[in-house]
Amino acid sequence: MNIEFSKFHGAGNDFVLIDNREGLYDLSEEQIALLCHRRFGIGADGLMFLEASSEYDFKMKYYNSDGREGSMCGNGGRCITAFADYIGINKSHFLFQAVDGLHQSDIIDKNNASWEVNLQMQNVDVIERNGKNFFLDTGSPHHVEFVDNVDDIDVFAKGKSIRNSDLYKPKNGTNVNFVSFDGDIVKLRTYERGVEDETLACGTGATAVAIATALHSEHPKSSYKLRALGGVLKVRFERDGDQFSNIWLEGPAVLVFSGTINL
């Protein structure tokens with residue numbers, strides 16, 4: 001089976017994207033994991049099908065690199081928007097279906113193989129606090145932990161321990177974010193559930209960190225610039241106490257290459 005694909009990344013968070021509007025592909029968990037494998041496949045943090053929708057511009061179906069269908073992926077939502085434009089769905093404003101509901105996305109700018117994409121996230125009104133740590137769901141579940149310096153953290157070891165801890169087993173585990181500050185810049189690093197490793201960026205994680213920062217800070221803001229290992233993301237929102245709405249995630253979506261692979 002020959003599969004046409006494109007590879008995109010959003011601040012280093014990379015994805016295999018496949019146009020499946022004709023319903024040609026029905027891949028197994030093992031096949032998806034192989035395509036995402038960095039030595040035996042294309043290599044990616046996840047894989048997405050862009051599928052047809054009778055009501056909206058398209059449907060986003062997201063799989064983690066372990067081959068299993070995942071929860072919402074923020075950078076994936078931005079990258080699939082750029083991919084939609086790339087394959088000829090020529091719009092500047094999109095409305096698409098994802099696992100956690102409808103999302104609006106906007107192409108702010110486009111320059112050759114790079115897009116700037118703004119994605120509206122779901123509202124957040126349930127936030128758990130545990131000392132200086134927070135747990136919230138921004139389409140995917142996130143543990144947010146504030147530390148002195150994220151550069152000093154063993155993200156793989158500590159993230160894996162928290163992800164599989166007794167606290168989060170009833171929630172089917174969690175993504176883990178570590179956060180520190182460099183002036184006005186919020187620095188974060190992420191251990192991603194389903195990838196089971198540190199990733200260079202995470203969109204739902206950046207969203208969770210921005211909200212947690214607003215709750216944690218003595219001088220909260222309504223927008224934050226966040227620096228992940230792979231680049232900068234921006235999050236803005238409206239706040240009413242512990243309720244956050246009109247949440248937008250903005251950042252780059254870059255085409256790495258396109259090709260055909262035989263599976």
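The values are calculated or read from the model by the stated rules, or taken from the named source; none is laboratory data. Being a predicted model, the structure only gives us computed values, none of them experimental. Ideal geometry is used to build each Cβ from the backbone, glycine not excepted, and the neighbour counts take in all protein chains shown.
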**Request:** Say whether the condition of being modelled with pLDDT under 95, surrounded by fewer than 16 Cβ atoms within 10 Å (Cβ to Cβ), more than 21 Å from Thr190 (Cα to Cα) and not assigned by TED's automatic domain parsing to the domain that holds Leu215 is met by at least one residue in region 112-120.
**Result:** yes
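Take Gln104 and tell me if it is within 17 Å of the chain's Cα centre (by Cα), part of a strand (DSSP E or B) and in contact (Cβ under 8 Å) with a residue 24 or more places away in the chain.
Details: within 17 Å of the chain's Cα centre (by Cα): yes; part of a strand (DSSP E or B): yes; in contact (Cβ under 8 Å) with a residue 24 or more places away in the chain: no.
No: the conditions fail for Gln104.
Yes or no: Ser258 surrounded by 15 or more Cβ atoms within 10 Å (Cβ to Cβ), more than 17 Å from the chain's Cα centre (by Cα) and not in a helix (DSSP H, G or I)? Spell out how you get there, then give the answer.
On the way: surrounded by 15 or more Cβ atoms within 10 Å (Cβ to Cβ): yes; more than 17 Å from the chain's Cα centre (by Cα): yes; not in a helix (DSSP H, G or I): yes.
Here the answer is yes, as Ser258 does meet what is asked.
If you go through region 59-68 one residue at a time, do you hit one that is part of a helix (DSSP H, G or I), of a type in the set (Ser, Thr, Tyr) and crowded, with 21+ Cβ neighbours inside 10 Å?
At the first step, the residues of region 59-68 found to be part of a helix (DSSP H, G or I) are none.
Looking through region 59-68, none of the residues is part of a helix (DSSP H, G or I), of a type in the set (Ser, Thr, Tyr) and crowded, with 21+ Cβ neighbours inside 10 Å.
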**Residue list for region 36-56, restricted to those being in contact with a Phe, Trp or Tyr (Cβ under 8 Å, 6 or more places away or on another chain) and either surrounded by fewer than 18 Cβ atoms within 10 Å (Cβ to Cβ) or of a type in the set (Lys, Arg) (or both)** = Ala52, Ser53, Tyr56
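Name the residue that is farthest from Asp19 (Cα to Cα), counting only residues in region 238-255 that are buried (at least 17 other Cβ atoms within 10 Å of the Cβ) and more than 17 Å from the chain's Cα centre (by Cα).
Going residue by residue through region 238-255, those that are buried (at least 17 other Cβ atoms within 10 Å of the Cβ) are 239, 244, 247-255.
Then drop every residue that is not more than 17 Å from the chain's Cα centre (by Cα), which leaves 239, 244.
Values: Arg239: 37, Phe244: 33 Å.
That would be Arg239.
With respect to Gly77, is the statement that it is within 23 Å of Ser114 (Cα to Cα) and surrounded by 23 or more Cβ atoms within 10 Å (Cβ to Cβ) true? Show your work before the answer.
Values: within 23 Å of Ser114 (Cα to Cα): yes; surrounded by 23 or more Cβ atoms within 10 Å (Cβ to Cβ): yes.
Yes, satisfied.
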**Complete:** Restricting attention to region 61-99, the residues that are free of Cβ contacts under 8 Å to residues at least 40 places away in the same chain and in contact with a helix residue (DSSP H, G or I) (Cβ under 7 Å, 6 or more places away or on another chain) number exactly 4
**Request:** Kindly provide the set of residues from region 1-35 that are surrounded by 14 or more Cβ atoms within 10 Å (Cβ to Cβ), in a loop (DSSP other than H, G, I, E, B) and touching a Phe, Trp or Tyr at 6+ places or on another chain (Cβ under 9 Å), ordered by number.
**Result:** Asn20, Arg21, Tyr25, Leu27
